[in-house]
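Worksheet for the structure shown next.
The values are calculated or read from the model by the stated rules, or taken from the named source; none is laboratory data. Only a predicted model underlies this, so the values are computations on that prediction, with no experimental measurement involved. Cβ placement follows ideal geometry from the backbone for every residue including glycine, while neighbour counts extend to all protein chains displayed. Just so you know, the surface numbers come from the protein's heavy atoms only, side chains and all, with ligands and any DNA or RNA stripped out. Shrake-Rupley method; radii C 1.70, N 1.55, O 1.52, S 1.80 Å.
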Amino acid sequence: MPAAVLWLIFALVLAGAEALTGHLFLVMLGGGALAAAVTSWLTNWPVWANGTVFLIVSVLLLVLVRPPLRRRLTPAQILQTGIEALEGKKALVLERISRDDGRVKLDGEVWTARPLNEDDIYEPGEAVTVMHIDGATAVVFKSGL
């Protein structure tokens, strides 16, 4: 069997294995094997020369093509919505916040609020940070502002 066919089979096996992993590593090696197959088919170089073509093309694909391709194919950070998006935001105390009662203005809306630490009390006009949302109540903590 000619060396070009062996290199082509090797390239197809690597591409098929890449379909199972999805890391874009094996497909780059498959590109190197494809380049070695084409070189072997077009020239009458010895096997070690085709192996060198495989090595050089594979390394170039791994270094130059894989990183930008991974950046392009990797999904952007997921945009948080709903109450998850409110956690960590700053709020303004509208009514005194104590263990049982209080109100804050958060993202233009008025929310009921309670302190993270039950003994804390926040007065109107103070800035607080929303730690999490518990039902319809913002659990807040004093901001470092």
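Summary of computed values
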item: Of all residues making up the range 87-118, the number that are aliphatic (A, V, I, L, M), touching a Pro at 6+ places or on another chain (Cβ under 7 Å) and either part of a loop (DSSP other than H, G, I, E, B) or open to solvent by less than 70 Å² (accessible area, probe 1.4 Å) (or both); result: 2
item: Candidate set: the range 71-86, residues that are open to solvent by 90 Å² or more (accessible area, probe 1.4 Å) and assigned to a helix (DSSP H, G or I); chosen: the one modelled with the lowest pLDDT; result: E84
item: Members of the range 98-136 that are hydroxyl-bearing (S, T, Y) and touching a Phe, Trp or Tyr at 6+ places or on another chain (Cβ under 7 Å); result: T129
item: Check on V63, open to solvent by 70 Å² or more (accessible area, probe 1.4 Å), in the same structural domain as T39 (by the TED database) and at pLDDT 90 or above; result: yes
item: Any hit, the range 35-54, residues being in contact (Cβ under 8 Å) with a residue 12 or more places away in the chain, touching a Gly at 6+ places or on another chain (Cβ under 6 Å), surrounded by 13 or more Cβ atoms within 10 Å (Cβ to Cβ) and under 30 Å from L12 (Cβ atoms); result: yes
item: Filter pass, A76 being small (G, A, S), over 30 Å from Y122 (Cα atoms) and over 20 Å from the mean Cα position of the chain (by Cα); result: no
